[in-house]
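Undergrad: The structure that follows is given in the form of structure tokens.
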Amino acid sequence: MRARPWRGTIIFAGAAVAVAAVTVVRYTAPSSDTPTSSAAVEGTHTVVGDAERVTYGTVQVSVTFTGDTITDVTTLQAPHAHARSIAINARATPLLAREAVTAGSARIDTVSGATYTSEGYRRSLQSALDQVD
Amino acid sequence: MTTAQTPALPVGSLAVRTVLGVGVAAVFILWWAGAPPVPGASPGLAIVAGGELAGLLASFLVCAQLLLVGRVRWFERACGLDRLVSWHRSLGTTVVLLVLAHVAAMILGSMLVDRRTAWGEVLVLVAGTPDLLLAVVGTVLFVAVGISSARLVRRHLSYEWWFAIHLATYVAIYLTFWHQIRAGSHLVADPVVRSAWITLYVATAGALLWSRVALPLIRHVHLGLRVEAVQIESPDTVSVWLRGTGVQHLRARAGQFFLVRFLTPRHAFTAHPYSISIVPTDEHVRFTIGALGDHSADVRAIAPGTRVLLEGPFGRLTSSRARGRRILLVGGGAGIGAVRALAEDFVADGSDVVVVHRAHSPQALVLAREFPVRPGLRYVPMLGRRADLGFDPLGPGPLAVAVPDIASREVFVCGPAGMSETVVRSARALGVERRAIHLEELSLS
């Protein structure tokens, strides 16, 4: 059995190239994905949370309930002073919304790269839930 | 490792490759589906997303790594443990580099996004990401394991130290697991993906516990293997006789090896690969062990009656590999044990066998008396140090003198890696076909 001293490094190099290529393709191709919008549905009601100040701006959400269950969270405001904030939050807020629907509470995890938005999101979400209790 | 040298079961090997390839493809797909970029996404976000992909790949490959060397039957049967270990070594490098790339990309991407310095960003990430601190500790362990396995370092580490450091991998995997499922945006966002990921880890852990803990214990209860005697063969080689009931149920063949674990406080935590050196009988099995590490040297002090756990048998270097009845067996170091067992097997089935035994001195010709002069068996000791002789006794010239009809024989080689390479080169030079040369490396490190 011949030793293959550089095989692991070569595989890594190949993987790194593949990762970079796939990422570039993914991030330069026009995106057809659109964030889910909340339409008013019968039997549901919506509560607006407080506007929470965070480092780069303000976060405010509205929560849609069907009965007592959180069925949707819409982001009303998110930091938008910089292009990068818009980009971050456009990615982070759908994730946070899904987390909130899954958790059924404001106990949701921070999305990496969007620490402040996540924190403001939690607080605004909690304030909306507090109004219902 | 070339296909020509280990030609058996390419189909099984292909199956293992396919499983790995499908897994890697699945990781790319779930990443693609799970991270829709936003219009106007910045380079920083793209770098973060690339870093996440690198992390997911590393995480998947970590599970593959464990399964490759977890003595999981199906993998082992398909490829042979030596080939699995070779892949494990290579992929180990890949995993450590992917982990480092993941860390670098996450920090760099977030720096660009948040416009912070590297250290500031590290602090923010650690403070704001669930379980990231644990993952940092785990990453340090991963890197330590990687360094301890690097060629340069490994040369200066004993098997026992290397093995102990390698055990830290389990801790590292545990520590890094939590930040994946609690903070990894793909796993947090999609309950299906998250469940699949947890299943991957739980299934891996289950396979390992079953094949590495449960099976050996169950077998021990059935066989009750204990050390019967330890026989000193030479200053640096010992034979260990084990006795148990129903040893034939192990279905071990000459040329195969077991991972042997002596249940004493000193040895219980390491299992070593040792070849059987006789064709197993109803009650006895024997291993011949060279003084390769601290443990091997300590084996001579093991008391009769010590309980023994066996994993295996492993290895595909058996007499069924031969496609002819004219055989050359070349053994060196502790490899002579496997040659001894193979010779017994081949002679019993009527083959014409030549045994070349390479050793530095006559004292090191262990088991020599077990190759009696008899029809169908010729024993050729090849003695001397290369430095004293001024040539390699296993070079093409001397080998042709010792075994003039080598080109018509199937060649089996058991011994240190350097010796094996020499024999392969010489045999090829003397006209032996690649596929008539059989060898298997007996090392897990």
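The values are calculated or read from the model by the stated rules, or taken from the named source; none is laboratory data. None of the values given here were measured: they were computed from a predicted structure. FYI the Cβ positions are ideal-geometry reconstructions off the backbone, even for glycines, and counts take in every protein chain you see.
Undergrad: Any residue that is in contact (Cβ under 8 Å) with a residue 40 or more places away in the chain, of a type outside the set (A, V, I, L, M, F, W, C), within 14 Å of chain A (Cβ to nearest Cβ) and not in a helix (DSSP H, G or I) - is there at least one of those in segment B:185-193? Write out each step before concluding.
TA: Going through segment B:185-193, the residues in contact (Cβ under 8 Å) with a residue 40 or more places away in the chain turn out to be B:185-186, B:189-190, B:193.
Okay, now just the ones that are also of a type outside the set (A, V, I, L, M, F, W, C), so B:185-186, B:190.
This time we only want the ones that are within 14 Å of chain A (Cβ to nearest Cβ), so: B:185-186, B:190.
Okay, now just the ones that are also not in a helix (DSSP H, G or I), so B:190.
The answer is yes; a qualifying residue exists.
Undergrad: Within segment B:370-382, identify whether any single residue is farther than 14 Å from B:Gly331 by Cα and hydrophobic (A, V, I, L, M, F, W, C), and answer yes or no. Before you say what the answer is, go through the steps one by one.
TA: In the first step, residues of segment B:370-382 are kept if they are farther than 14 Å from B:Gly331 by Cα; the result is B:372-377.
Within this subset, residues satisfying the condition of being hydrophobic (A, V, I, L, M, F, W, C) are B:373, B:377.
Taking every residue of segment B:370-382 in turn, at least one turns out to be farther than 14 Å from B:Gly331 by Cα and hydrophobic (A, V, I, L, M, F, W, C).
Undergrad: If you check B:Arg116 against the conditions, is it of a type outside the set (A, V, I, L, M), surrounded by fewer than 18 Cβ atoms within 10 Å (Cβ to Cβ), touching a residue at least 60 places away in the same chain (Cβ under 8 Å) and assigned by TED's automatic domain parsing to the domain that holds B:Ala64?
TA: Values: of a type outside the set (A, V, I, L, M): yes; surrounded by fewer than 18 Cβ atoms within 10 Å (Cβ to Cβ): yes; touching a residue at least 60 places away in the same chain (Cβ under 8 Å): no; assigned by TED's automatic domain parsing to the domain that holds B:Ala64: yes.
Criteria not met by B:Arg116.
For (1) surrounded by 17 or more Cβ atoms within 10 Å (Cβ to Cβ); (2) small (Gly, Ala, Ser); (3) within 11 Å of chain A (Cβ to nearest Cβ), each residue gets a yes or a no:
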residue	(1), (2), (3)
B:His102	yes, no, yes
B:Ala105	yes, yes, yes
B:Leu125	yes, no, yes
B:Leu133	no, no, no
B:Val143	no, no, no
B:Arg151	no, no, yes
B:Arg154	no, no, no
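Undergrad: Looking at (1) within 23 Å of B:Val240 (Cα to Cα); (2) touching a residue at least 24 places away in the same chain (Cβ under 8 Å), which is the one condition that is false for B:Val424?
TA: It is condition (1) that B:Val424 fails.
Undergrad: Can you find a residue in segment A:32-50 that is facing chain B (nearest Cβ under 9 Å), at pLDDT 80 or above and crowded, with 17+ Cβ neighbours inside 10 Å?
TA: No; the residues of segment A:32-50 include none that is facing chain B (nearest Cβ under 9 Å), at pLDDT 80 or above and crowded, with 17+ Cβ neighbours inside 10 Å.
Undergrad: Identify, by number, the condition in (1) surrounded by fewer than 17 Cβ atoms within 10 Å (Cβ to Cβ); (2) under 17 Å from B:Gly290 (Cβ atoms) that B:Leu365 doesn't meet.
TA: (1)
Undergrad: Tell me, please, whether a residue that is away from chain A (no Cβ under 11 Å), part of a helix (DSSP H, G or I) and aromatic (Phe, Trp, Tyr) can be found in segment B:83-93.
TA: no
Undergrad: Here's something else I'd like to know. Scanning for something over 20 Å from B:Pro191 (Cα atoms), assigned to a helix (DSSP H, G or I) and modelled with pLDDT of 80 or more, does segment A:67-75 turn up at least one residue?
TA: no
Undergrad: Still on this structure, please answer the following. How about segment B:148-176: which of its residues are part of a helix (DSSP H, G or I) and among the hydroxyl-bearing types (Ser, Thr, Tyr)? Full working, then the answer.
TA: Here is the first cut: in segment B:148-176, the residues part of a helix (DSSP H, G or I) are B:148-149, B:151-154, B:159-176.
Matches in segment B:148-176: B:Ser148, B:Ser149, B:Tyr159, B:Thr169, B:Tyr170, B:Tyr174, B:Thr176.
Undergrad: Moving on. Among the residues of segment A:102-133, write down those that are within 14 Å of chain B (Cβ to nearest Cβ), in a helix (DSSP H, G or I) and among the small types (Gly, Ala, Ser). Spell out the reasoning first.
TA: Initial filter on segment A:102-133 (within 14 Å of chain B (Cβ to nearest Cβ)): A:102-104, A:107-122.
Now restrict to residues that are in a helix (DSSP H, G or I): A:102-103, A:115-122.
Passing the criteria: A:Ala103, A:Ser118, A:Gly120.
Undergrad: Go through (1) under 20 Å from B:Arg321 (Cβ atoms); (2) surrounded by fewer than 18 Cβ atoms within 10 Å (Cβ to Cβ); (3) without any contact (Cβ under 8 Å) to a residue 60 or more places away in the chain for B:Asp352 and report which single condition fails.
TA: (2)
Undergrad: With respect to A:Ile70, determine if the residue is more than 13 Å from chain B (Cβ to nearest Cβ), buried (at least 21 other Cβ atoms within 10 Å of the Cβ) and either more than 21 Å from B:Gly51 (Cβ to Cβ) or in contact with a strand residue (DSSP E or B) (Cβ under 7 Å, 6 or more places away or on another chain) (or both).
TA: On the way: more than 13 Å from chain B (Cβ to nearest Cβ): yes; buried (at least 21 other Cβ atoms within 10 Å of the Cβ): yes; either more than 21 Å from B:Gly51 (Cβ to Cβ) or in contact with a strand residue (DSSP E or B) (Cβ under 7 Å, 6 or more places away or on another chain) (or both): yes.
In short, yes.
Undergrad: For B:Ala387, state whether it is modelled with pLDDT under 85, assigned by TED's automatic domain parsing to the domain that holds B:Gly337 and not charged (D, E, K, R).
TA: Details: modelled with pLDDT under 85: yes; assigned by TED's automatic domain parsing to the domain that holds B:Gly337: yes; not charged (D, E, K, R): yes.
It is true that B:Ala387 is modelled with pLDDT under 85, assigned by TED's automatic domain parsing to the domain that holds B:Gly337 and not charged (D, E, K, R).
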